[in-house]
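Engineer: The structure that follows is given in the form of structure tokens.
The values are calculated or read from the model by the stated rules, or taken from the named source; none is laboratory data. Everything numeric here is computed off the predicted structure, so don't read it as measured data. Please note: Cβ atoms are built from the backbone with ideal geometry, for glycine as well, and neighbour counts cover all protein chains shown.
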Amino acid sequence: MKVKKRTKVWGAVTSLTFTNDSTHFFAGTADSNIYWVNSDKLEAEVRNTAHPHKINDICFPYLYSDVFATCSRNDIRIWNAKNR
């Protein structure tokens, strides 16, 4: 079989779920990323990311809970609780 198209994503692909009409699919990776992919063009768009390892700490600014920070083994993330 010959490769027709390729796209790159962060992490090894661990799951694929196609839409009913097969025009798009979600691809999940071992690095905790979820991509929305056009089946024809194979264009991958990041839809969601998360820590791939356990969360070690969480921190909220004083008297403000809409934004918070989490840290894991390799990264620190800033989150907006209102819109993800």
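Engineer: Which condition number does residue 27 fail, the rest of (1) surrounded by 13 or more Cβ atoms within 10 Å (Cβ to Cβ); (2) assigned to a loop (DSSP other than H, G, I, E, B) being met?
Structural biologist: Among (1) surrounded by 13 or more Cβ atoms within 10 Å (Cβ to Cβ); (2) assigned to a loop (DSSP other than H, G, I, E, B), the lone unmet condition for residue 27 is (2).
Engineer: Considering the range 7-18 alone, what residues qualify as being out of contact with any Gly (no Cβ under 9 Å at 6 or more places or on another chain), exposed (fewer than 12 other Cβ atoms within 10 Å of the Cβ) and more than 14 Å from residue 45 (Cα to Cα)?
Structural biologist: 12
Engineer: Take residue 10 and decide whether it is under 15 Å from the mean Cα position of the chain (by Cα), of a type in the set (A, V, I, L, M, F, W, C) and in a loop (DSSP other than H, G, I, E, B).
Structural biologist: Numbers: under 15 Å from the mean Cα position of the chain (by Cα): yes; of a type in the set (A, V, I, L, M, F, W, C): yes; in a loop (DSSP other than H, G, I, E, B): yes.
It is true that residue 10 is under 15 Å from the mean Cα position of the chain (by Cα), of a type in the set (A, V, I, L, M, F, W, C) and in a loop (DSSP other than H, G, I, E, B).
Engineer: Determine whether the range 18-31 contains at least one residue that is under 30 Å from residue 5 (Cα atoms) and charged (D, E, K, R).
Structural biologist: At the first step, the residues of the range 18-31 found to be under 30 Å from residue 5 (Cα atoms) are 18-31.
Filter once more, keeping what is charged (D, E, K, R): 21, 31.
Yes, that holds for at least one residue.
Engineer: Every residue in the range 51-61 that is surrounded by fewer than 16 Cβ atoms within 10 Å (Cβ to Cβ) and under 17 Å from the mean Cα position of the chain (by Cα), please.
Structural biologist: Taking the range 51-61 first, the residues surrounded by fewer than 16 Cβ atoms within 10 Å (Cβ to Cβ) are 53-61.
Residues satisfying the conditions are 53, 54, 55.
Engineer: Of all residues being in contact with a Ser or Thr (Cβ under 8 Å, 6 or more places away or on another chain) and β-branched (Val, Ile, Thr) in the range 54-74, which is nearest to residue 30 (Cα to Cα)? Just the residue, please.
Structural biologist: My answer is 55.
Engineer: Also, I was wondering about something else. Residues that are in contact with a Cys (Cβ under 6 Å, 6 or more places away or on another chain), part of a strand (DSSP E or B) and modelled with pLDDT of 95 or more: does the range 51-72 have at least one?
Structural biologist: Let us first name the residues in the range 51-72 that are in contact with a Cys (Cβ under 6 Å, 6 or more places away or on another chain), namely 56-57, 69.
Then drop every residue that is not part of a strand (DSSP E or B), which leaves 57, 69.
Then keep just the ones that are modelled with pLDDT of 95 or more; that gives 57, 69.
Yes, the range 51-72 contains a residue that is in contact with a Cys (Cβ under 6 Å, 6 or more places away or on another chain), part of a strand (DSSP E or B) and modelled with pLDDT of 95 or more.
Engineer: Do you know which residues across the range 32-50 are loosely packed, with under 15 Cβ neighbours inside 10 Å and in a loop (DSSP other than H, G, I, E, B)?
Structural biologist: Result: 39, 40, 41, 42, 43, 50.
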